[in-house]
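Down below is the structure, laid out as structure tokens.
What follows is calculated from the coordinates using simple rules that are stated; it is not laboratory data. Just so we're clear, the structure is a prediction, and the values are computed from it rather than from any experiment. Heads up, the Cβs are rebuilt from the backbone with ideal geometry, glycines too, and the neighbour counts pull from every protein chain shown.
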């Protein structure tokens, strides 16, 4: 598979139409096949061993071309990403960036109850601001963190810590007349994602 | 997908995916990053030890201990630590269903899920239909799961996009007054803690 850099990828599914009904399997096993469990465990263990961090893993999956992304099963995506991460990354864990350092003390720019607006951007890198919530206004519900900014951590760069806000968006704000004012979606957003 | 049992028949019948997974495992073991024993242990843990029964215990405790419930809603991470549950650097936010408020958890970008309480997510939770629709038409999705909420009930969807994980604290069903925790926990389904089900007294457990 070719992996062009992109961020508006096949993974950013929120609000799409046409994927059909949600089909729940009765008495579903944890893993459907033996290799799935091994791929899950290897991804987890290789990450904890420092070969890559969570955002590098996500970013690798997000670069799968959208048609391939949707066609592949969940663990097929993981297997492809694991192969690519192994090929690309140094396999000397000692050289990998630490996954966690002590978070700094930061003063959040916003308070609970503040009205905030998300930035409208389409960057060519990993981000956790989903497309459907860009350029939208919401209310700060909770303040957390700080947590490392995924956009930079996905490139294996030094950790940049920022406060994270749970922001509640009204259904009308997100979906116009197709949304309900009695419904809301809350997302956890790094300070960088807010204007 | 293979319907063979290749481990009993040797490598000749490995499916492409099995062969690739095996190649990755050999490479990671060779590099000294993982051991096959550690892989076995992780698989075992998720198949046997971590699952919705962990979250159900937390829910039953919250239903029977109002002080614990208050702590759970204020700081979920600390409250489950009291019960020996480690959220491993993730922060737990527990959202409570009440009359007039129904909560629903999704991860539109990947598959974030409170695995330390519920185990690994089912395929539908990670699927394109659920991830695309839960945020734009939550009521239609709930209807497909057999949950119909009146228009005046507020539907609060939580799209997990950072280091927080969400669990729904379902409403305790009427008619369970005085029940011990274990019996209450048996009522609590995985889907009720995601928000795609409500807890009801089924005929099977009614005395």
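Assorted remarks:
- Antiparallel bridges, percent of DSSP beta bridges restricted to the protein assembly as shown (to nearest 5): 55
- Size of the range B:138-201: Rg and Dmax of its alpha carbons, in Å, are 13.4, 39.
- Once you reduce the range A:4-60 and the range B:57-79 to the center of their Cα atoms, the two points are 30 Å from each other.
- Inter-centroid distance (Cα atoms) of the range B:144-207 relative to the range A:126-156, Å: 29
- Sorting the segments A:57-68, B:188-199 by their mean number of nearby beta carbons within 10 angstrom, highest to lowest, gives B:188-199, A:57-68.
- Sorted peptide list for B:129-141, B:57-69, criterion being average Cβ within 10 angstrom, highest first: B:129-141, B:57-69
- For peptide A:158-171, the mean count of partner chain Cβ atoms within 10 Å of a residue's Cβ comes to 2.
- Per-residue mean of C-beta atoms belonging to partner chains within 10 Å, peptide A:175-187: 6
- Measure of compaction for chain B (Cα Rg per 2.2 N^0.38 Å): 1.19
- Percent antiparallel among DSSP beta bridges (both partners in the range B:83-207, rounded to 5): 10
- The mean of 1/r over all pairs of different alpha-carbon atoms in the range A:100-142, once inverted, gives a Kirkwood hydrodynamic radius of 12.7 Å.
- Mean projection area, nm², convex hull over Cα of chain A: 13.2
- The Kirkwood hydrodynamic radius of the protein assembly as shown, based on inverse pair distances between different Cα atoms, is 22.2 Å.
- Per residue of peptide B:20-29, the mean number of Cβ atoms on other chains within 10 Å of the residue Cβ is 6.
- Of A:154, A:102, A:49, the one that fluctuates the most in a GNM where chain A has Cα springs shorter than 10 Å: A:102
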